Amino acid sequence: MTKEVRVRYAPSPTGYLHIGGARTALFNYLYAKHHNGKFIVRIEDTDIERNVEGGEASQLDNLKWLGIEYDESIDIGGPYAPYRQMERLDIYKEHAEKLLEQGVAYKCFCSSEKLEASREEQKARGVAAPTYDGTCRHLSAEEVAAKEAAGEPYTIRMRVPANVTYEFEDLVRGQVTFESKDIGDWVIVKANGIPTYNYAVVLDDHFMEISHVFRGEEHLSNTPKQMMIFDAFGWKYPRFGHMTLIINENRKKLSKRDESIIQFVTQYKDLGYLPEAMFNFFALLGWSPEGEEEIFSKEEFIKIFDEKRLSKSPSMFDKQKLTWMNNQYIKKLSLEEVVALSLPHLQKAGLIPEELTAEQRAWATDLIALYHDQMSFGAEIVELSSLFFNDHIEYDEEAKEVLAGEQVPEVMAAFKAQLEELEEFTPDTVKAAIKAVQKATGHKGKNLFMPIRVVTTGETHGPELPNAICLIGKEKTIDRVGKFAQ
């Protein structure tokens, strides 16, 4: 490639960084870095009624958290500033005037009521995709001047050329073709003077020298409109690549209203997912490496990324795969890092004080260590460790079956006696006490360990038993055993 690769992610601050947006940003980032190019984040904030407070910050902050570093944007600047569309209105206005002068755009004075009536009339005739009926397309200069003098509001529409085929080689989908007859004259500048997306994006891409555009396939139908603007100014198109949909486990398009899947990156961050794991997971959501390996570092992804391996089929958001992948990354953390990840969730749940003594911190560290290899995300520690905070144990059917064993009363009586004699309460002394019960009663294996586990923890499966009992504490353990024996 002779020309520098320059790609962009251009979110609207009408919402927070979403799964789909994160994937789009990531693939653009990987493509740029693989080719030693630049990754730009541009804010498309012209939909002013729908912009939400914190939307812009969410986009930038969460990209940084994921490790998707950009080279130019609103916060770090760059040679093509400004990077916020509402600060580029003069550019759009100047070029809209040029399009009007060329006659490839015109002023439209149709009211919203007139446009809605036209749409309904077309639908009644069976038109599946109604288009503008061209009422103002042929107004004379005198008619336009008279309407302006009368103060009639107007939009500016693109005059779609007749009998033109718009064709391009999509980097993901291959050859794509659109016919101009299927596209009605469309608005490039709204009545309030603010440009529409399909107009502004072209000027931004051109003046920021964007070489490649990777985006979701919902933008595919926008491409011919954008090509019209490039053609009108005699500008070269960027290379387009439209990534396939993300679908849920029911093979339905992922919707922001889909409550079966957590939708926003900040939610994963708040739950204690790791950014490296999220980066890894998103990179495999519609792209596949050669071979069977699925765990890669960011540097490895940059090295192996190949746009030819972008999927042509919808990508399923597999929640189980994400939790598995995050668990793989958590396993590699030091205990200190896992404590930092999960302790705040115990504190937020009110299970552990905000201000910890040295003894309380040591206890919490030992508790978290029990679940280090099992934990899939930081907040999961609350559910995993619930047995240590429950004052009342409810036995499930599996536990009740264990406790129905005829040897259980004998085992638990012997265990209570051993516990009461312990001067030191450590995993080693608890382990020795269980062995003493085995020697005294002759019961071993499941007949020995399962009743002790169920009575002390309330669970049939769990962490290393002596460690768990030690963390429960001598007094609480004896109390649980005593209540069972009553």
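The values are calculated or read from the model by the stated rules, or taken from the named source; none is laboratory data. The shown structure was predicted, so the numbers you read here are calculated from the model rather than taken from an experiment. Quick reminder, even Gly has a Cβ in these numbers, built from the backbone with ideal geometry, and neighbours come from all protein chains shown. Only protein heavy atoms, including side chains, enter the accessible area calculation; ligands, DNA and RNA are left aside. Shrake-Rupley method; radii C 1.70, N 1.55, O 1.52, S 1.80 Å.
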Going by the structure shown, is K253 basic (K, R), within 22 Å of Y29 (Cβ to Cβ) and open to solvent by 10 Å² or more (accessible area, probe 1.4 Å)?
no
Positions within region 1-31 being of a type in the set (G, A, S) and over 22 Å from A277 (Cβ atoms), in sequence order:
A10, S12, G15
Could you give me the residue pairs with C-beta distances under 6 Å whose first residue belongs to region 204-217 and is of a type in the set (A, V, I, L, M), whose second residue is assigned to a loop (DSSP other than H, G, I, E, B) wherever it lies, and which are 6+ apart or on separate chains?
M208/Y80; I210/P238; V213/P238
Take the conditions open to solvent by less than 20 Å² (accessible area, probe 1.4 Å) and within 28 Å of P79 (Cβ to Cβ) and apply them to G241. Does it pass?
yes
Single unsatisfied condition, K431 versus (1) part of a loop (DSSP other than H, G, I, E, B); (2) surrounded by 15 or more Cβ atoms within 10 Å (Cβ to Cβ); (3) more than 38 Å from the chain's Cα centre (by Cα)
(1)
Answer with yes or no whether K444 is open to solvent by 30 Å² or more (accessible area, probe 1.4 Å) and either in contact with a His (Cβ under 9 Å, 6 or more places away or on another chain) or modelled with pLDDT of 95 or more (or both).
no
How about region 285-400: which helices (runs of 4 or more DSSP H) wholly inside it have at least 2 residues that are touching a residue at least 60 places away in the same chain (Cβ under 8 Å), touching a helix residue (DSSP H, G or I) at 6+ places or on another chain (Cβ under 7 Å) and under 30 Å from R215 (Cα atoms)?
298-304
Before we move on, is E113 within 23 Å of I43 (Cα to Cα), part of a helix (DSSP H, G or I) and either among the aromatic types (F, W, Y) or under 40 Å from the mean Cα position of the chain (by Cα) (or both)?
no
State all residues of region 454-468 that are in contact (Cβ under 8 Å) with a residue 40 or more places away in the chain, buried (at least 20 other Cβ atoms within 10 Å of the Cβ) and assigned to a helix (DSSP H, G or I); if no residue qualifies, say none.
V454, V455, T457, A468
I'd like the full set of residues that are buried (at least 24 other Cβ atoms within 10 Å of the Cβ) and either of a type in the set (S, T, Y) or over 17 Å from G67 (Cβ atoms) (or both), limited to region 12-39.
Y29
